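The structure appears below as structure tokens.
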Amino acid sequence: MNAIRTAPAASRLLLSGNEAIARAVWEAGTAVAAAYPGTPATEILETLAFFPDVDTHWAVNEKVSLEVAIGASLAGARGFCAMKHVGLNVAADALMSQTLAGARGGLVIAVADDVGLSSSQNEQDSRFWGRFAHVPILEPADSQEAYDMTKRAFEISERFEVPVLVRLTTRVCHVKALCTVGERQPHAATGFHLDPNRWVLTPATARRRLPKMFERDQALAAYTEECDLTVELPGEDRKVGFVASGPAALAVREAFPDAPLLKLGMSHPLPIGRIRKLAWAVDTLVVVEEIEPIAENEIRAAGIACHGKDALPRSGELAFDIVRPAVRRLLGEETAPADEAAPPAVFPRPPTMCVGCPHLAPYYVLARMRKNVLISGDIGCYTLGAGHPWNALDTTVCMGASMGIALGIEKGKGAADKDKGVVAVIGDSTFLHMGMQGLLDITYNRGNITVLLLDNRAVGMTGGQDHPGTGRDIRGQEAPKIDFAQLVEALGVKKERIHVVNPYELPVLSRTLRQEMAVPEPSVIITNQPCVLIDRFQKMTPFAVEDDQCNGCSSCLRVGCPAILVSRRETSVAPNGKEKVLNFVTIDTAFCTGCNLCVNTCGPGAIVPAATVSKGDRR
Amino acid sequence: MSGTAFKTTDVLVVGIGGQGVLTATEVLAEAAIELGYDVKKTEVAGMAQRGGMVTSHLRFGEKVMAPAIAPGSADVMIAFEAAEALRCSPFLRPGGIAIVNTQEVIPPVVSTGLFKYPDDPVGEMRARGVRLLALDAAGIARTLGDPRLANSAMLGAAAEHLPFGADLLLRMILRRFSTKRPELADINARAFEAGRRAVQEQGLAAAG
């Protein structure tokens with residue numbers, strides 16, 4: 001990490017796209033950068049935090065991060081924010097209006113699409129914002145381009161007074177490639193230029209800004225025709241030519257090295273003139289873009305015949321092994337998919353919660369009362385509660401949705417569900433991001449919801465980042481710390497309905513949850529143990545199983561801790577003739593955190609501190 | 001970027017989160033950079049922090065375009081876990097070679113009876129015609145006193161089958177320790193050598 005900050009100009013470094021962008025943001029003289037963590041964009045801000053001369057923040061959500069960047073731009077400084085694709089939905093309100101007023105200091109938004117959904121709840125194409133918000137879209141394909149285009153984005157932003165989107169995908173953010181870096185060019189803030197007719201958007205001022213925005217569209221449409229971020233890569237073979245962007249363009253070049261390729265660096269506005277020229281020169285034009293047929297539809301609308309999603313998949317990555325056979329089939333060079341041997345059948349390794357995770361206990365308890373409860377969930381590690389062995393999560397939509405959805409379920413449930421309570425499960429960071437407003441709605445509208453606020457003092461899923469509830473800022477420095485109990489009380493939950501519970505004290509957690517579900521008003525139960533992957537977590541004495549004491553009852557397996565392993569399975573027949581599978585277990589002592597959770601579930605008392613185990617299974 | 005094909009060496013490193021897959025690929029990438037190659041490296045890591053499958057793709061050559069290795073085109077696969085080796089073996093090109101740690105990491109979905117672990121992953125790969133060299137890297141590491149040494153043992157086993165030369169690869173490993181943990185250099189060099197020897201005695205001839 002240090003090398004990224006200290007490497008002198010002209011150094012060639014192996015950088016991820018995210019790291020390359022961070023270096024470029026710093027070199028561009030950016031004053032302020034903000035983000036809310038989100039895969040695959042998280043490391044941009046994490047890396048920027050190592051550069052002391054950029055004021056780098058974790059924002060509470062993406063909307064605020066964009067507003068911070070806008071503010072910096074209005075002050076005449078360069079402002080930057082980064083987010084994952086769904087983050088821009090949250091930030092869209094700010095974007096859609098600020099685009100009318102435009103930018104002063106360079107204003108750049110890096111937005112990362114999770115093509116193929118490796119860690120997201122949907123697969124949406126951020127390039128739509130180009131047309132919707134009248135902003136240019138730059139699309140790098142690798143680290144060097146991510147670096148180059150980010151620097152250029154600031155220049156374009158200032159030249160055209162427009163916010164600029166740098167559209168990334170997971171394969172840009174997380175691929176490491178060689179990148180030659182440059183020098184930091186300081187960029188002094190030019191000062192806040194008082195101009196209420198521009199910066200105070202009201203119907204009257206906004207109406208006057210509209211023609212200016214349309215003029216800007218025209219100027220950008222002219223610029224994209226000459227912009228050197230888009231390049232014509234030559235090819236002798238004129239049977240087929242390609243228009244492609246991002247990592248898909250690399251796949252195209254590798255699969256068809258002899259075909260001409262217009263590689264879009266600036267993909268909105270589209271350089272229709274350059275595309276028309278290519279179309280004239282080749283027999284067949286194929287548009288290769290991840291995810292939606294945005295360029296393809298615009299090219300067709302311009303009266304240029306082309307292929308695209310008629311031959312290529314509508315979702316997922318357009319990698320070499322996808323693009324090549326699909327286009328060859330389109331060209332009639334390959335008739336059917338190659339006959340391949342069936343792939344080896346190997347069990348899945350689904351994501352699991354961590355050993356000793358503080359979220360295990362709430363789901364263990366919820367799973368026990370499964371028949372009497374509807375559970376609305378949220379975005380985070382705890383979404384895994386929907387899976388084996390808990391099956392204790394009924395909905396997940398978007399950040400903070402557990403609150404409003406719980407309220408809607410409670411108000412809307414019919415006779416079939418009348419005896420079921422409604423529980424909302426949300427993490428600390430997600431609650432601060434967008435859950436607070438929903439809880440306010442619950443208290444204001446007298447919802448009878450029991451909220452489990454799982455405070456593990458980190459944004460866990462993205463790697464344990466800090467937030468306003470952790471008491472530390474992005475650089476690990478002490479920061480003002482919000483108190484969740486006080487916060488939910490301020491949001492209207494009665495003091496006696498708020499409980500802070502150690503989740504590893506299973507009986508207390510279970511009792512508290514049952515008690516609060518019986519009370520017909522909003523309650524909040526806050527669990528207070530840290531994520532096992534952050535530095536605040538402290539391991540305790542690990543446990544092991546007394547082999548001859550384990551009776552195979554399987555209760556501990558319902559905790560779902562990956563350190564508990566089945567060593568032997570047997571089928572026993574009860575006196576009534578019913579068969580029962582017995583699972584005899586061991587504990588992987590090397591990984592066990594000593595959280596004590598499984599000990600609470602063990603009838604025969606077979607789980608004991610590893611140091612005292614008499615024989616058997618220590619690994 | 002002229003209109004010619006892009007010739008690369010493709011190395012796939014696979015295993016389970018926490019086994020050191022990403023570190024091993026970093027070392028290989030550094031060796032390729034040392035030789036002046038263009039390099040791209042990409043990971044497909046599951047959401048699990050520990051226990052999930054991890055595949056790391058490394059491509060190097062004069063110019064690398066796409067970062068991910070296409071199925072059927074890896075020159076070398078370095079697999080830290082036997083079932084993951086079997087799962088990813090279709091990535092190998094005909095004539096490619098797999099370096100396989102015979103260690104088996106049993107996930108909860110297997111131990112609780114939902115799925116079965118393959119009876120003999122290495123045998124199944126051989127039956128599928130995969131050229132492979134197998135070693136007990138975990139055993140080597142245990143013998144040398146630290147499970148983390150499996151990483152250096154695996155790189156040692158792969159050393160003769162990569163275009164770097166074993167000396168350069170070992171130098172790249174040791175460079176990582178020289179600043180932070182110089183006391184670990186010697187034991188890692190021994191693990192590297194043990195891994196290398198473990199496969200030297202095996203022939204590839206039987207493989208089809």
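Residues in the stretch A:525-549 that are hydrophobic (A, V, I, L, M, F, W, C) and under 27 Å from the mean Cα position of the chain (by Cα) were compared, and the one that is farthest from residue A:466 (Cα to Cα) is A:525.
Each row is one residue, and each column tells you yes or no for (1) touching a Lys or Arg at 6+ places or on another chain (Cβ under 8 Å); (2) acidic (Asp, Glu); (3) part of a loop (DSSP other than H, G, I, E, B).
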residue	(1), (2), (3)
A:344	yes, no, yes
A:354	yes, no, yes
A:366	no, no, no
A:383	no, no, no
A:391	yes, no, yes
A:398	no, no, yes
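Residue check: residue A:307 meets all listed conditions (1) touching a Leu at 6+ places or on another chain (Cβ under 8 Å); (2) touching a residue at least 40 places away in the same chain (Cβ under 8 Å); (3) under 15 Å from residue A:326 (Cβ atoms) but one, namely (2). Go through the stretch A:363-421 and give me each residue that's among the aromatic types (Phe, Trp, Tyr) and within 25 Å of residue A:87 (Cβ to Cβ). Across the stretch A:363-421, the qualifying residue is only A:382.
Do you know which of the residues in the stretch A:602-619 that are closer than 21 Å to residue A:582 by Cα and crowded, with 17+ Cβ neighbours inside 10 Å is modelled with the lowest pLDDT? Across the stretch A:602-619, the extreme among qualifying residues is A:617. Might you let me know whether the stretch A:188-210 holds any residue that is within 12 Å of chain B (Cβ to nearest Cβ), assigned to a loop (DSSP other than H, G, I, E, B), of a type outside the set (Lys, Arg) and on the phi < 0 side of the Ramachandran plot? Within the stretch A:188-210, none of the residues are within 12 Å of chain B (Cβ to nearest Cβ), assigned to a loop (DSSP other than H, G, I, E, B), of a type outside the set (Lys, Arg) and on the phi < 0 side of the Ramachandran plot. Is it the case, given these coordinates, that residue A:301 is more than 13 Å from chain B (Cβ to nearest Cβ), over 30 Å from residue A:392 (Cα atoms) and of a type in the set (A, V, I, L, M)? Judged against the criteria, residue A:301 is a match. Entry remark, the stretch B:157-188: residues being farther than 24 Å from residue B:102 by Cβ and among the hydrophobic types (A, V, I, L, M, F, W, C) number 7 in total. Of all residues in the stretch B:87-118, those being outside any loop (DSSP other than H, G, I, E, B) and under 21 Å from the mean Cα position of the chain (by Cα) number 15.
From the list B:25, B:42, the one residue that fits, being assigned to a helix (DSSP H, G or I), within 11 Å of another protein chain (Cβ to nearest Cβ) and in contact with a Ser or Thr (Cβ under 8 Å, 6 or more places away or on another chain), is B:25.
Name the residues in the stretch A:402-418 that are farther than 19 Å from residue A:493 by Cβ and modelled with pLDDT of 95 or more, would you?
Across the stretch A:402-418, the qualifying residues are A:412, A:413, A:414, A:415, A:416, A:417.
Within the stretch B:124-150, being away from every other protein chain (no Cβ under 14 Å) and touching a Ser or Thr at 6+ places or on another chain (Cβ under 6 Å) holds for B:134, B:136.
Applying the criterion of at least 1 residues that are among the acidic types (Asp, Glu) and touching a strand residue (DSSP E or B) at 6+ places or on another chain (Cβ under 8 Å) to the helices (runs of 4 or more DSSP H) found wholly in the stretch A:241-335 leaves A:294-301. When residues in the stretch B:124-136 are screened for being small (Gly, Ala, Ser) and either part of a loop (DSSP other than H, G, I, E, B) or within 25 Å of residue B:155 (Cβ to Cβ) (or both), 2 of them pass. Within the stretch A:133-161, being buried (at least 24 other Cβ atoms within 10 Å of the Cβ) and in a loop (DSSP other than H, G, I, E, B) holds for A:135, A:136, A:139, A:140, A:141, A:142.
Just checking: which of the helices (runs of 4 or more DSSP H) contained wholly in the stretch B:139-208 hold 1 or more residues that are in contact with an Asp or Glu (Cβ under 6 Å, 6 or more places away or on another chain) and more than 18 Å from residue B:79 (Cα to Cα)?
Filter on the stretch B:139-208 gives B:166-180.
For the stretch A:153-183, taking the residues that are under 17 Å from residue A:44 (Cα atoms) and more than 14 Å from chain B (Cβ to nearest Cβ), the one that is nearest to the chain's Cα centre (by Cα) is identified as A:167.
Scanning the stretch A:276-294 for residues that are without any contact (Cβ under 8 Å) to a residue 60 or more places away in the chain and surrounded by fewer than 23 Cβ atoms within 10 Å (Cβ to Cβ) yields A:276, A:277, A:278, A:279, A:280, A:281, A:282, A:283, A:284, A:293. Flag set for residue A:112, criterion: modelled with pLDDT of 95 or more, of a type in the set (A, V, I, L, M) and crowded, with 24+ Cβ neighbours inside 10 Å. Which one of A:303, A:246, A:332 is on the phi > 0 side of the Ramachandran plot and touching a helix residue (DSSP H, G or I) at 6+ places or on another chain (Cβ under 8 Å)? The unique qualifying residue is A:246. Filtered by the rule that a residue be within 18 Å of residue A:177 (Cβ to Cβ), part of a loop (DSSP other than H, G, I, E, B) and more than 14 Å from every other protein chain (Cβ to nearest Cβ), the stretch A:8-38 gives a lone residue, A:10.
Number of residues in the stretch A:58-73 that are surrounded by fewer than 23 Cβ atoms within 10 Å (Cβ to Cβ) and closer than 21 Å to residue A:186 by Cα: the value is 2.
Taking residue A:35 and the conditions (1) out of contact with any Cys (no Cβ under 7 Å at 6 or more places or on another chain); (2) crowded, with 23+ Cβ neighbours inside 10 Å, which numbered condition does it fall short on, given that it satisfies the others? All conditions pass for residue A:35, except number (1).
The values are calculated or read from the model by the stated rules, or taken from the named source; none is laboratory data. Note that the structure is predicted; figures quoted are calculated from it, not measured. Positions of Cβ are generated from backbone atoms using ideal geometry, with glycine treated the same way; all protein chains shown enter the neighbour counts.
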